[in-house]
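Notes for the one structure printed next.
Just so it is clear, none of the values below were taken in a lab; they were calculated from the coordinates. As the structure is a computational prediction, the values presented were derived from the model and not from experiment.
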Amino acid sequence: MRWDGRRGSDNIEDRRGEGGGGFGGPPGGMRMGRIGGAGGFGLIAVAILVWALGGDPIAVLTGGAGNQTIQMGGGGGGQITPEDEQAAKFVSVTLADTEEVWKDVLQKEAGMDYTPTTLVLFKGQTYSDCGGATEATGPFYCPVDKKVYLDTDFFTTMSQELGAKGDFAAAYVVAHEVGHHVQDLLGILDKTTRYREQASEADANAMSVRVELQADCFAGVWAKNAAQKFGSLEPGDIQEAVDAASRIGDDTLQRNAGRRPMPDSFTHGTSEQRQRWLAAGYNAGTIRACDTFGTNSL
């Protein structure tokens with residue numbers, strides 16, 4: 001991906017120098033609403049740890065009872081390494097690209113203005129209006145404060161622990177979370193969240209799968225439009241994203257943990273589904289190709 005030296009986003013909130021931020025909650029004692037499972041990659045690293053310890057990873061990936069986001073203690077800000085700084089610059093450029101692409105796409109296809117999300121960079125741990133965020137929970141989108149949260153160490157986790165390598169695999173992570181923000185702007189997250197709150201566990205999980213697959217598709221829409229608008233894609237970039245999608249399907253994660261895949265417990269979709277919906281968005285380049293709610297064949 002061609003990104004070095006390009007414009008970065010102004011919508012970056014850098015908390016990496018705050019020594020971890022703590023879990024006391026947002027300033028001013030704001031009430032912290034919590035959601036789980038919104039961020040395609042969100043709790044994968046924690047889920048792997050839970051599997052290894054013999055626990056229930058699905059409770060982690062769905063946020064546990066009541067759809068609450070898991071919180072992990074410990075850890076401070078840590079030292080900001082050159083790799084952290086490089087990752088921060090990369091994230092800023094990627095976010096800027098999403099802003100320009102979604103401004104055009106939403107105006108053209110939905111007749112609405114795009115209000116950018118803010119991306120919070122942190123090191124170790126911080127707070128969000130959806131609950132605590134740590135290096136273990138990974139990236140996620142919080143619809144309460146309209147922000148994406150990301151510890152830059154997660155890119156190392158992606159590459160070394162999940163085997164998802166390459167800068168465009170990392171861009172896919174950012175684009176997926178911004179895809180949730182687009183869903184929020186379109187009113188999709190509000191409707192699906194209300195449905196999940198009243199549905200059975202199996203039905204709520206099935207709805208989560210449709211939400212996540214649409215965010216994958218939106219990431220593909222961004223990639224296609226970014227390629228056309230900026231000429232930023234290089235040979236192999238899309239394959240990096242597809243490979244990343246293949247490694248985080250619910251079935252693959254469960255098999256890698258030595259467990260039999262349990263479709264009723266899926267919350268993000270199979271590897272094949274995640275790859276296919278990412279490709280659908282990329283091939284069409286339009287949000288009309290991303291109606292995961294109106295099909296019986298995911």
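Results, tabulated for the structure shown:
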quantity	calculated
Lysines whose Cα lies under 22 Å from that of LYS103, excluding same-chain neighbours fewer than 8 positions away	LYS89, LYS146, LYS147, LYS224, LYS229
Rounded, prolate or oblate (a/c below 1.5 giving rounded, otherwise prolate when a/b exceeds b/c) for segment 180-290 by Cα gyration tensor	oblate
